[in-house]
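To keep things clear, I will list the structure first and then write my remarks on it.
Coordinate-derived values only; no laboratory data. In this text the structure is predicted, and so the values were computed from the model without any measurement. Neighbour counts run over all protein chains shown; Cβ positions are idealised from the backbone, glycine included.
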Amino acid sequence: MVRGPGEVRVTLSVNGQPRTIAIEPRVSLLDALRERMGLTGAKKGCNQGACGACTVWVDGRAVLACLTLAVGCEAREVTTIEGLSTGGELHPMQSAFIERDAFQCGYCTPGQIMSAVAFLAEGHEPDDAHIREWMSGNLCRCAAYPHIRAAIRQVRDANSTGAS
């Protein structure tokens with residue numbers, strides 16, 4: 001791999017696969033994913049950490065990829081919306097978003113889903129007030145918030161009854 005002036009080689013584990021890229025040390029994880037790896041699920045909304053459209057997981061924790069340096073993710077596991085499904089099957093949250101019509105334009109949807117799955121996985125109190133608070137970092141210009149909360153409740157309820 002040819003490096004340009006000031007670039008460093010970084011190997012990131014993205015969706016379970018090692019990916020080696022040459023980047024400048026100041027490149028955000030979002031730009032590395034979208035521009036260097038072709039993973040365009042995480043969206044560049046505000047590019048200031050205010051909208052949540054770029055939410056991915058680093059070592060299982062939701063992070064804003066626009067505010068995270070890619071070089072800081074070496075030797076850590078990065079999961080994007082593209083890596084959420086398994087074996088061609090949608091993740092239950094992806095299915096719930098479809099069933100509950102929890103998106104309109106779809107721009108914020110990947111970040112919303114990644115945050116919603118992290119919310120339940122981290123064991124937060126899954127009532128509407130806590131869902132609303134946790135998801136407040138993910139903006140939806142189409143105002144699909146009631147449907148997003150319904151999708152999260154659907155997955156929460158399925159998990160509490162033992163179904164997936």
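What number goes with the only condition from (1) part of a loop (DSSP other than H, G, I, E, B); (2) without any contact (Cβ under 8 Å) to a residue 40 or more places away in the chain; (3) of a type in the set (A, V, I, L, M) that A53 does not pass?
Result: A53 passes all but (2).
Taking the residues in the stretch 63-92 that are in a helix (DSSP H, G or I), within 12 Å of the chain's Cα centre (by Cα) and touching a residue at least 40 places away in the same chain (Cβ under 8 Å) as candidates, determine which candidate is surrounded by the most Cβ atoms within 10 Å (Cβ to Cβ).
I81
Show me the helices (runs of 4 or more DSSP H) entirely contained within the stretch 96-164 in which 3 or more residues are touching a residue at least 24 places away in the same chain (Cβ under 8 Å) and over 24 Å from T40 (Cβ atoms).
Here the list reads 145-160.
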